[in-house]
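Peer 1: Can you keep this structure in mind? I'll have questions shortly.
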Ligand SMILES: Nc1ncnc2c1ncn2[C@@H]1O[C@H](COP(=O)(O)OP(=O)(O)OP(=O)(O)O)[C@@H](O)[C@H]1O
Ligand SMILES: [Mg+2]
């Protein structure tokens, strides 16, 4: 069976509200997007959706070791096991709860599917003026073979609160998964949020991750996306600035090899004046890997004095790797500073020779230069543990035993 | 230590080195001079192992080993060091990280464990003092935005940290102010010992007042057309190259 057949037979056996049913029907009518769809032009889902998945979970329970092996070591953890929420932290000013329905009108097929059928995920409410000490770690474990998982998460951050998250989706043992992940973040006035996604799942796992962020005035939101693992990753990162003086920051690092594909679609909707957006995506491609970047910036008519910056820099380190990069600017206001740049290059031969002449072997020299290339985006991450992990994973991916943390 | 015999090398169809013969022994200082474009930097790069240049003839023997068989990093492990005429900027890597990586890799090649960070930092501080390098420099990105003189000083700093057997200094003096020249030359002299050797490539007698050479060679059209003692550099300083290059052209 293919995924759509899996989903049909699953949905026949369950009861859902009429609203959800409507969404589901409109999803089934159109089906999954194809490369004819502008948003999926460079990323084919064909192979992915032709596979057979199990929608029901039949995994095995987690051990403490599973958790500690994959944790970055933060005290406050939210842990999911095959969809079930098994652990939440206790933090003053924050309520953690299980999945709860929330609406979002959408024409995106993956979100329709998520709205209609997801029944796992978390809800986090951060009270106003809460400054969270430390980092909240969110771990989603899957132990089921060939599972299709959907999470639907909501984070509501009330005025003047500050909070940081690290998220990881992890398959255990020989399990593989296709995850359709959706998270909505509502940033209140004068809030400060950082959300780090460490996408380093096992070799065969697939991920579609959509994040919708709604910002009120004077809020700052930083999203860092680190892609090392998984065979297929599509990130849709959407910001909507609904108040003046908002700041939206995005950093992305992808280091891919073999047949990995990573597609980063970002969208910043500048609706109000005096706001900034800052986006820096760095991609490193080895083997037969493939990268896609699509950065859309919309500046609406009333959004004067906007400062929008976007860069997408890519290193192609093998003959068979490719990158498709596309900036998309739509500007309807006249007093706007908007810049974007895309580069595609190789490692600098002179720099390589320089390093080798200092006794640094060619593999290590390449790794150092690759790290140097990506470091600007990694340095923007405020959490030391995440930064160190990124350095470690980069060294591992490039097959070197180097420590970049001096 | 270093024996270069009839070395011929170039790039694609353009032969740049046309039969170089040079022997450098431990404890010696050699100066190589010569007009622009005569092949001095090419010779240095070929010794260091830049594979952009193709060696079409001759040999380079370093302490009984065929240097041409070795990768650039292996030559460095044997103790060959090149101070670049144009040091390369490497954004994203701090000076301290670069040097730490370099020392760790050199030690690894010799089967040694990494130097403890404390010792490394201590050594860096000592060498910085020797070369009169300001604090804050270690955390800057490698050569990025460095002034010409700062880049040259950074080369000698690396040399001081790596303690090579054979140092080739390619126009390390150009771009240095008078005080810096004295400091750098002083640093080079302090690092000199009976077991290592130095080759300085320069256009100016001034450097050789500080780093006194045992031998001076004139490179022209990819050949050493004259060799002599330190007085040859004085003579060149006064008379220029014409008198020897004409002779060479006539032959
Ligand atoms: N990568 C290269 N590609 C093409 N030509 C080269 C290359 N490297 C060197 N050459 C040529 O070889 C010749 C020698 O160059 P080299 O840099 O060795 O001279 P030099 O003696 O160091 O000169 P200078 O005193 O100006 O530093 C020059 O004519 C130069 O243009
Ligand atoms: Mg030169």
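Peer 1: Quick one, what does Rg over Rh come out to for the range B:9-77 if you take C-alpha atoms and the Kirkwood Rh?
Peer 2: Checking Rg against Rh, the ratio lands at 0.95.
Peer 1: In units of 2.2 N^0.38 Å, what is the alpha-carbon radius of gyration of the range A:63-115?
Peer 2: Working it through for the range A:63-115, the quotient is 1.51.
Peer 1: Please compute the modelled spin-label separation between residue B:214 and residue B:248, points set 7 Å along Cα→Cβ, answer in nm with one decimal.
Peer 2: 2.3
Peer 1: Using the basic label-point model (7 angstrom from Cα toward the beta carbon), what is the residue B:203 to residue A:399 distance in nanometres?
Peer 2: In this crude label model, residue B:203 to residue A:399 measures out at 4.4 nm.
Peer 1: How high is the FRET efficiency between residue B:59 and residue B:189 when r is their beta carbon distance and R₀ equals 41 Å, given to the nearest 0.05?
Peer 2: After rounding, the FRET efficiency stands at 0.85.
Peer 1: If you don't mind, another one. Which distance in nm do the two modelled labels at residue A:145 and residue B:237 give, with both placed 7 Å along the Cα-to-Cβ direction?
Peer 2: 8.3
Peer 1: Across 5 Å bins from 0, what is the distribution of all Cα-Cα pair distances for the range B:19-150, in whole percents?
Peer 2: Histogramming the range B:19-150 at 5 Å steps yields 2, 8, 14, 18, 19, 16, 14, 7, 2, 0 percent.
Peer 1: Work out how far the C-alpha atoms of the range A:12-57 reach from end to end along every principal axis, then list the three figures in whole Å, largest first.
Peer 2: Cα spread of the range A:12-57 along its principal axes, largest to smallest: 36, 24, 13 Å.
Peer 1: Mind checking the alpha-carbon convex hull of the range A:156-203 and giving the volume per residue in Å³?
Peer 2: In the range A:156-203, the Cα hull volume divided by residue count equals 71 Å³.
Peer 1: Could you please state, rounded to a whole Å, how far the C-alpha centre of the range A:308-351 is from the C-alpha centre of the range A:11-81?
Peer 2: Their Cα centres are 30 Å away from one another.
Peer 1: If one takes the longest principal axis of the Cα atoms in chain B, at what angle in degrees, from 0 to 90 and to the nearest 10, does the Cα axis of helix B:148-162 lie?
Peer 2: For B:148-162 against chain B, the angle is about 70 degrees.
Peer 1: Set the Förster distance to 45 Å, then compute FRET efficiency between residue B:25 and residue A:385 from the Cβ-Cβ distance, nearest 0.05.
Peer 2: 0.25
Peer 1: Does the range A:131-240 come out rounded, prolate or oblate by the C-alpha gyration tensor, with a ≥ b ≥ c the root eigenvalues, rounded set by a/c under 1.5 and, if not, prolate when a/b is larger than b/c and oblate if not?
Peer 2: Prolate.
Peer 1: Which whole-number percent gives the relative contact order of the range A:284-368, counting Cα pairs below 8 Å spaced six or more residues apart?
Peer 2: Relative CO of the range A:284-368 lands at 34 percent.
Peer 1: Report, in degrees rounded to the nearest 10, the 0 to 90 angle that the Cα long axis of helix B:178-191 makes with the longest principal axis of chain B.
Peer 2: Its long axis makes an angle of about 80 degrees.
Peer 1: Taking the alpha-carbon centroid of each part, what is the distance from the range A:256-272 to the range A:178-233 in angstrom?
Peer 2: Answer, in whole Å: 11.
Peer 1: Can I ask one more? For the range A:288-392, compute Rg over Rh where Rg is the Cα radius of gyration and Rh is the Kirkwood radius from the inverse mean 1/r over Cα pairs.
Peer 2: Here the Rg-to-Rh quotient is 1.09.
Peer 1: Turning to a different aspect of this structure: Suppose R0 equals 41 Å; then what is the FRET efficiency for residue A:86 and residue A:324 from their Cβ-Cβ distance, rounded to the nearest 0.05?
Peer 2: After rounding, the FRET efficiency stands at 0.55.
Peer 1: Given axes a ≥ b ≥ c from the Cα gyration tensor, I'd like to know whether the range A:3-349 is rounded (a/c under 1.5), prolate (a/b larger than b/c) or oblate.
Peer 2: Rounded, since a/c falls under 1.5.
Peer 1: Treating the Cα atoms of the protein assembly as shown as identical point scatterers in vacuum, please give the log10 of the normalised Debye intensity I(q)/I(0) at q = 0.05, 0.06 Å⁻¹, two decimals.
Peer 2: Values, matching the q order: -0.32, -0.45.
Peer 1: For the range B:224-238, list residues with backbone N below 17 Å from a point placed 7 Å from the Cα of residue B:6 toward its Cβ?
Peer 2: B:224
Peer 1: If you don't mind, there's one more thing I want to ask. What fraction, in whole percent, of alpha-carbon pairs in chain B exceed 25 Å separation?
Peer 2: 43
Peer 1: What is the ratio of the Cα radius of gyration of the range B:121-198 to 2.2 N^0.38 Å, with N the residue count, to two decimals?
Peer 2: Ratio of Rg to 2.2 N^0.38 Å for the range B:121-198: 1.05.
Peer 1: Full extension from residue A:128 to residue A:362: what is 0.36 nm times the residue separation minus their Cα-Cα distance, to one decimal in nm?
Peer 2: 79.0 nm
Just so you know, all these numbers are worked out from the coordinates, no wet-lab data involved. Since the structure is predicted, the reported quantities are computational estimates derived from the model, not experimental observations. In this analysis, Cβ positions are derived from the backbone assuming ideal geometry, glycine residues included, and neighbour counts consider all displayed protein chains.
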